[in-house]
1. Which value in Å does the Kirkwood hydrodynamic radius of the protein assembly as shown take, with 1/r averaged over all unlike C-alpha pairs and then inverted?
2. Can I get the semi-axes of the range B:55-148's equivalent ellipsoid? Compute them from the C-alpha gyration tensor as square roots of 5 times the eigenvalues, in angstrom, largest first.
3. What does the charge dipole of the range B:7-95 about its Cα centre add up to, to the nearest 20 debye, if the Cβ of each Lys and Arg holds +1 and the Cβ of each Asp and Glu holds -1?
4. Work out how far the C-alpha atoms of the range B:197-249 reach from end to end along every principal axis, then list the three figures in whole Å, largest first.
5. State whether chain A is rounded, prolate or oblate according to the following rule on the C-alpha gyration tensor (a ≥ b ≥ c being the square roots of its eigenvalues): a/c under 1.5 gives rounded; otherwise a/b larger than b/c gives prolate, and the remaining case gives oblate.
6. Compare the peptides A:9-21, B:215-227 by average per-residue count of other Cβ atoms within 10 angstrom and give them in order, highest first.
7. Could you work out [θ]222 nm for chain B from helices alone, using -39500 (n - 2.57) per DSSP H run of at least four and dividing by all its residues? Round to the nearest 500 deg cm²/dmol.
8. If the label point is 7 Å along Cα→Cβ of B:V166, which residues in the range B:21-52 have backbone nitrogen under 15 Å from it?
Amino acid sequence: MADTLGMIHFFGVTKEYPRSGVALADVSFRLAKGEFAFLTGASGAGKSTILKLAYFDETPTRGEVRVSGVSSKDVTRRDIAQLRRRLGIVFQDFRLLDDRTAEGNVAFALEVTGARSDQIGPRVNRVLTQVGLAAKSKAFPGELSGGEQQRVAIARALVNDPFVLIADEPTGNLDDKATRSVFQLLRDINASGTAVLMATHNLELVRRTDYRRIQMDHGRITSDATPARGAVAELS
Amino acid sequence: MSIVVRDAVNAARRSPLLSALSVTTIAFSLFAFALFGLVALNIRQALEDVAERVEIRAFVTENTRIESVVTAANEIARYAEVLSARVVSQEQALERARRELGEFSDVFEAGILPASIDIRLRPGFRDPRNVAAVAARVRTIEFIDDVRYGEEWIAQLYRLRNLAGVTGIVMGLAFAGVAVIIIGATIRMTVLARAREISIMKLVGATDGFIRRPFLLDGVAKGLLGGMIALLMTWAAAQVLERYLRFDATFFDERMIVFGIAGGALLGLFGSSFAVSRHLRKL
């Protein structure tokens with residue numbers, strides 16, 4: 001079990017919904033420690049379903065998902081809560097609490113885990129500085145741009161020092177400049193040792209990097225490859 | 001301030017209208033229940049007052065020595081069921097008859113009515129079975145000529161009392177059920193208003209217990225507040241009844257008041273627990 005710590009492992013995973021049918025069909029892949037991988041594919045290809053299975057918001061109909069040693073076969077609600085404290089999850093729609101400031105939103109992720117109150121302030125400041133928003137820590141989400149809101153969401157995801165960041169279309173609501181800036185932030189986070197699994201429609205973003213690309217179509221993985229280094233034009 | 005308390009206070013501050021609506025709904029649900037309780041309490045009290053008048057009258061054979069009658073009365077007074085046994089002489093019997101019954105107003109001949117032993121029973125022994133048992137025992141005393149206790153009247157009274165008791169329990173349960181449903185629905189609105197916050201809490205690793213705690217505290221606080229408001233409204237209603245209907249209403253005693261307010265808090269607690277657990281199961 002120790003060799004699976006810090007990894008996401010899908011073993012022949014199928015996910016079926018009673019009304020909409022098969023969302024994933026016999027999907028197997030492994031995300032290693034510190035790896036960066038894109039999940040690409042059209043809408044309905046199964047990208048979000050993979051991410052939901054990875055943070056145990058869904059359970060497989062068949063097969064097994066194993067994340068950092070926690071298996072979908074015998075996971076409990078408490079295991080899920082404990083596991084999510086070691087995962088960072090970021091969404092296209094940011095999912096911030098509008099009535100809390102940037103630092104309040106980040107602190108929220110620590111408070112729910114029972115962190116000591118004297119540790120919360122310094123840790124919140126550290127991650128807000130890391131995402132470049134220390135100066136706007138007192139701002140409410142409505143006072144921030146989309147890119148800034150996504151940075152707050154990333155700060156919230158990072159504050160518990162996750163081993164992997166799961167990002168579902170994190171740049172989907174952002175303009176080009178904000179997209180580049182948020183993506184660079186994700187790369188920096190990955191460079192510091194945190195794995196990133198990112199679902200995206202933005203093929204331009206994907207093509208300009210040499211990260212692993214898992215291509216999805218109709219619930220199946222159609223390709224899973226990492227471009228050779230130097231074969232891509234890096235983002236400016 | 002602990003996170004649980006702060007979270008509960010902040011949630012109430014963020015949606016004051018919803019909080020006020022919850023407290024008001026709980027208060028009115030408990031008020032309806034308390035009003036019914038007050039009516040049931042007063043009916044029971046009225047029946048108790050009537051039951052207190054249950055009395056066994058054992059008539060003594062003429063020419064029995066008064067010492068024997070007094071000895072027998074003392075003996076009867078020692079029965080476990082008996083509250084008091086009083087000797088009523090022929091003179092006292094006539095005096096009472098002249099006082100209570102108009103047709104005796106011009107009768108002055110003492111020997112016309114027999115002496116008796118008037119027996120009153122302790123609370124809890126005034127039901128038809130116990131009354132009949134004591135009467136039968138008294139009847140075996142040698143100089144007792146006849147024993148009367150209004151057999152049919154007591155049976156009627158107890159039928160009425162049982163009916164009132166059963167009706168009270170059934171209606172009380174119905175009122176309590178309605179209160180639970182209304183309070184549950186109100187608290188569910190509070191939970192739904194915070195559904196987004198709950199889903200974010202789940203995403204960042206909050207346990208179900210952590211999510212539930214502020215809601216439980218919120219439910220208890222609203223239940224307590226609603227209970228106190230309901231008590232005030234019930235007290236005001238009782239005052240209006242007393243003043244305008246000149247009805248000497250019995251109000252809840254201290255134990256019932258504490259029980260009622262604690263009941264409100266428990267309703268809030270269970271309503272919250274049910275609503276938030278149901279919501280969490282879907283996540």
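Rule-based calculations on the coordinates, nothing more; no lab input. Predicted model only: the values in this text are computed from it and were never measured. Don't worry about glycine lacking a Cβ; one is built from the backbone with ideal geometry, like all the others, and counts go over all protein chains shown.
1. Value: 29.6 Å, from the Cα pair sum.
2. Taking √(5λ) for each eigenvalue gives 24, 16, 11 Å, largest first.
3. I would put it at about 660 debye.
4. Sorted from largest, the Cα extents of the range B:197-249 read 62, 14, 9 Å.
5. Note, shape of chain A comes out oblate.
6. On the way: A:9-21: 14.2, B:215-227: 24.5.
So the peptides A:9-21, B:215-227, ranked by packing, come out B:215-227, A:9-21.
7. Counting only the DSSP helices, I get -25000 deg cm²/dmol.
8. Backbone N within reach: none found.
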